[in-house]
Structure formats: C-alpha cells, structure tokens
Amino acid sequence: MTTVLLTGATGFIGRRLAPVLVEAGHDVRAMTRNPDSYQGSGTPVGGDVDDPTSLTEPLAGVEVAIYLVHSLDHADFEARDAAAARAFGRAAAEAGVRQIVYMGGLGADDGDLSPHLRSRREVEGLLGEAGVPVTVLRAAIVVGNGGISWELTRQLVKNLPAMVVPRWVSTRTQPISVDDVVRYLAGVVGQDEALGRVYEIGGPDQLTYLEMLQVAAEISAGRRVPILRVPVLTPRLSSYWLALVTDVDVTTGRNLIDSMGTEVVVTDTSIREVVPGEPLTYAESVRRTLEEERATSGTGDA
C-alpha cells in the first residue's frame, strides 16, 4: 500500500481520481483548503499550496504526491503557479516524498508556447527543483463533465444556432477522455520506470477545434452548427465573445484561447508501456460525458 497525497482533490480530475486510487489499495490523503466539508474518497487533510507552512503536516509520511492545482482564473497565474510549485516541491523533498505526479500540457518544447502552456512547463521543472523525481503527464483538451474545455464546447453548441469563430478553430489538438486521464494518473503512481519521465497522453483522434465542435453538435443535438470563420478575432475579443455566450469568465477564457493557436498533438506513445490499454475516441468521450450530465441533472437536456 502506497501513501498518496492528492492535491486538487475536489477538482474536475481529482474527485474522479481519489476513488480509483482508494480502490487500487492506496492510502489516500485528499488535500483541500476545507477538509471539514470534504465528502469524497480518502482521508481529508487541510492544506493550501499558496501557504507553504500548511504543507508540512499533509506531506508527512507521504510516498507519492499528485499535483493537480493551477491558478488559470487569475490574471497573474504564471507567478502564482510558479511560487506554489516551488514551495510544494521543496516541502515534498523535506518530507522524503519519492515521486511527484503532475498533469502538464502538450506542446513542442521548442515551439512558441502560450503563457498557459509555458507556465505548465515551468511548473514541471519547479516541482522537481528540490530533488524529488517528477512524473509528468502532458495532455491537451480533457473531455468530461465539469471540465472547463468541455463546458466551452457544450455551451457553444447548445446556445448558438450559428457561430462566428476565429482562425484558431483550424488548429489541431488531440482530446482525451477524463476517464483515460484518471487511468494514466493512477497507473504511474509508485512505478519506478515512471520516475523523472515525461509522458504524452491523448485519445486516438487528432482533430481541429472546428471538428470537435461539429462532432459534439452532431452527438448532442443531431445536427451540425453553421460556422463562419473570420480572419481577425484577437484573443482578447475572443475571450469577450466566450464570456458573452457562455458562463466562462473573461480571464479564464483569454488564458485558454491564448493556447488554442498552438498545435498540441501526441508525438510519443511510451505511456502505453507503463499503462497499457486503448484510450476512448473523442466521439465516445462525448457520449459518456453527455450520459453523465443527464444522470446528474436527471433530464435529457445535454
């Protein structure tokens, strides 16, 4: 049995990962700022990555720490995430943690990365700066109920009879089901061959954002959405457009859109040597997500 500290335990991925880790036989500590109200799997522990003094107790005796936190909804997210990662990595080293597992973002290291993706790269390095081996899983769009990228897709398809979209809809990406993300994260925990490794994870489909929107529209509404591409729509204007037609705030929308001009596809499938299995297609990921939404809401409305 491995003692695992799961940060971001109440988040989109963390709340799904916790029960999988418990079922696998791990002793899971679910770190949250509000442990008294935590109702998920594992043992709740109080801690905040923005407060280094709060990390000593939750990390004591931990063998593997899973880092699933970010500050994308803050304008200064790069500085905040860097400070938090550096403090967490230092506290993990002092506690004798033998592995940190981190969810990063896809994108070529020599490419022109957006601030969002550049920050993810920086966090990878800062988490291991104090000496703890870091296992990084880099993903693009994660498809699942409650995920910000899926919420954008779902609300655009649902709310608009037609869309005016910028050029970034032609950028290729490689979406992955949240179920596969959880499977990969759980699969690398405590694995010696995964220490200090960077893995790329994605589903089998490489799609443009336009194709993703059309597939989601066909599955959820049985129709394609008429789309008109315009040559000039800046990230700032795009973020205001998203805020107008969805409930995603302007800051988060801007930070996500900045990344959508960068092609993010899997070029290395070595993760399958550690965690075998075929990932779900994008269409099947969408179907599963819609089924979960209907089960949660108790209605047939996608």
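The values are calculated or read from the model by the stated rules, or taken from the named source; none is laboratory data. Every value quoted in this text rests on a predicted model; they were computed, and no experiment measured them. Reconstructed Cβ throughout: ideal geometry from the backbone, glycine too, with neighbour counts over all protein chains shown.
How many residues does region 120-141 contain that are assigned to a strand (DSSP E or B) and closer than 22 Å to residue 203 by Cβ? Steps first, answer last, please.
Let us first name the residues in region 120-141 that are assigned to a strand (DSSP E or B), namely 134-139.
Narrowing further to those that are closer than 22 Å to residue 203 by Cβ: 135-139.
Total satisfying the criteria: 5.
With the requirement that a residue be under 22 Å from residue 187 (Cβ atoms) and outside any loop (DSSP other than H, G, I, E, B), what does region 142-152 give you?
142, 143 - these are the residues of region 142-152 that are under 22 Å from residue 187 (Cβ atoms) and outside any loop (DSSP other than H, G, I, E, B).
For region 141-157, which positions are of a type outside the set (Val, Ile, Thr) and at pLDDT 90 or above? Walk me through it before giving the result.
Step one: of region 141-157, the residues of a type outside the set (Val, Ile, Thr) are 144-147, 149-152, 154-156.
Scanning region 141-157 gives 144, 145.
What is the residue count in region 10-48 for residues that are of a type in the set (A, V, I, L, M, F, W, C), touching a strand residue (DSSP E or B) at 6+ places or on another chain (Cβ under 7 Å) and either at pLDDT below 95 or on the phi > 0 side of the Ramachandran plot (or both)?
0
For region 16-43, which positions are more than 17 Å from residue 63 (Cα to Cα) and among the basic types (Lys, Arg)?
Scanning region 16-43 gives 16, 33.
This table checks each residue for (1) polar (S, T, N, Q); (2) out of contact with any Leu (no Cβ under 6 Å at 6 or more places or on another chain); (3) at pLDDT 90 or above.
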residue	(1), (2), (3)
65	no, no, yes
71	yes, yes, no
75	no, yes, no
83	no, yes, yes
86	no, no, yes
100	no, no, yes
109	no, yes, no
116	no, yes, no
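Out of 206, 174, which single residue is in contact (Cβ under 8 Å) with a residue 40 or more places away in the chain and buried (at least 20 other Cβ atoms within 10 Å of the Cβ)?
Exactly one residue qualifies, and that residue is 174.
Please identify the pairs in which a residue from region 1-29 that is among the hydroxyl-bearing types (Ser, Thr, Tyr) has its Cβ atom under 8 Å from the Cβ atom of a residue that is at pLDDT 95 or above and assigned to a helix (DSSP H, G or I), counting only partners at least 6 apart or on another chain.
Pairs found: 7/14; 7/88.
Which of the following residues is closer than 27 Å to residue 216 by Cβ and in contact with a strand residue (DSSP E or B) (Cβ under 7 Å, 6 or more places away or on another chain): 141, 148?
Just one listed residue meets the conditions, 141.
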